[in-house]
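One structure is given below, encoded as structure tokens.
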Amino acid sequence: MNHIVVIFCEGVHDVAFLSRLLKTDDYTTYHNSPIGQYPDPLNRIFEGSLKKVDFRSLKIDQLSSQSIPKKILKKEDTIVLLYAVGGNREKGKIHALMEIFRDAHSSAGFGGIKSHNLSFVFFNDADNDAGKEATTINQMLQKNLASLDFCVKHNEYTKRNDIGYGVYLFSKNGQQGNLENLLIELMREGNESIFDDAQAYYNDHYDPQRLNKKNKIYPDKSIITIAGQLQNSGASHVVTIEHSDYLTLEKIQKNSHAQEIIQFMKKVIP
């Protein structure tokens, strides 16, 4: 292992999509090893984080350690850790994870990670303004690095103090949008009638009066999940992304947006 890449995603659906993309570039899942058998320093980081968890202060649905990633991928000597942290709005969680890995990187006595490369990469939705999202990420990193001049733009990767930093924002036009814009683009191809009917079903039956006041509706997520039920009964949005044939190797390889993400990751991992 000579490169650890820590990827911060907004949610588990981002993790699922990035995992599927990276697998088209020869990455494989790396989940089957017992924690103690992961290479140094990951074994120590995972073991240490579990020992430090104050389970008494957590709710039942929070019992997994924040330091354990949702997915781990491996390609040759590179290991990619994918975390679902709620995006740049969960600054405390992100800072804590960055400190864990940065401390290990700076300490030759902690697993010898100092001789390895370390990168932090942020994947977020552009939402209504890609520039605003990039600014929010940079402000967080400036505070974390105590460096007001630090700046990394969308689809860029740079290094500071021997550690790499990258940012990629999901969008439909480089300025606005989200992951679902890309998913719909990929999934509809060759499945137009299914997604047209899913859209029609959503339009016919969506009733804002029946929406829980605490919930926000995301039409594209609903449409993808409706279509996903045809292949995996009761499946979540994440399961549809991970297992449906609406996403295929051929479509990913020829889609410009998907390939842009893969090429971005090649900046991080040459």
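Build a GNM of the chain with springs between Cα atoms under 10 Å apart, and of Tyr246, Tyr27, Tyr38 the one that fluctuates most is Tyr38.
Dipole of the chain (Lys/Arg Cβ +1, Asp/Glu Cβ -1, origin at the Cα centre): which of Met265, His105, Gly164 lies farthest to the positive side? Projecting each Cα onto the dipole axis, the largest value belongs to His105. A cut-off under 13 angstrom between Cβ atoms defines the neighbours of Thr29, and their net charge, with Lys, Arg +1 and Asp, Glu -1, is +4. Computed over the chain, relative contact order equals 20 percent, with contacts defined as Cα pairs under 8 Å that lie 6+ residues apart. Computed 3J(HN,Hα) for the stretch 221-229, one whole-Hz value per residue from the Karplus formula 6.51 cos²θ - 1.76 cosθ + 1.60 where θ = phi - 60°, is 4, 5, 5, 4, 5, 4, 5, x, 5, glycine and proline marked x. Here are several values of Cα extents along the principal axes in Å: (1) 109, 46, 23; (2) 61, 40, 35; (3) 58, 48, 24. Which one was derived from the coordinates shown? Of the labelled values, this structure produces (2). Separation of the stretch 115-181 from the stretch 236-270 is 19 Å, based on Cα centroids. Summarising the amide proton neighbourhood of Phe122: residues at separation of 5 or more, or on other chains, whose placed amide H is nearer than 5 Å comprise Phe8, Gly166, Val167, Tyr168. In a DSSP loop and with at most 12 other Cβ atoms within 10 Å, the trypsin sites (Lys or Arg not before Pro) in the stretch 176-270 are Lys213, Lys214, Lys216. Cross-link reach is defined here as a Cα-Cα straight distance under 24 Å, omitting same-chain residues fewer than 8 places apart; for Lys251 the lysines meeting it are Lys23, Lys71, Lys74, Lys75, Lys172, Lys221, Lys266, Lys267. Between amide H atoms placed 1.01 Å from N, distances below 5 Å from Lys71 occur with Leu82, all of them 5 or more places distant or on a separate chain. Against the main long axis of the alpha-carbon atoms of the chain, helix 192-205 sits at an angle near 80°. Measuring nothing but protein heavy atoms, the accessible surface of the chain at 1.4 Å probe radius is 47 percent carbon and sulfur. Note that the stretch 165-208 presents 49 Å² accessible area per residue, ligands and nucleic acids not counted, probe 1.4 Å. Cα centroids of the stretch 190-230 and the stretch 2-40: 30 Å apart.
With every protein chain in place and a 1.4 angstrom probe, the accessible-area ranking of Glu185, Glu180, largest first, reads Glu185, Glu180.
The values are calculated or read from the model by the stated rules, or taken from the named source; none is laboratory data. Keep in mind it's a predicted model, so treat the numbers as computed, not measured. Every residue, glycine among them, receives a Cβ derived from its backbone with ideal geometry; neighbour counts consider all protein chains shown. Please note that ligands, DNA and RNA were not included when accessible areas were found on the heavy atoms of the full protein model with its side chains. Shrake-Rupley method; radii C 1.70, N 1.55, O 1.52, S 1.80 Å.
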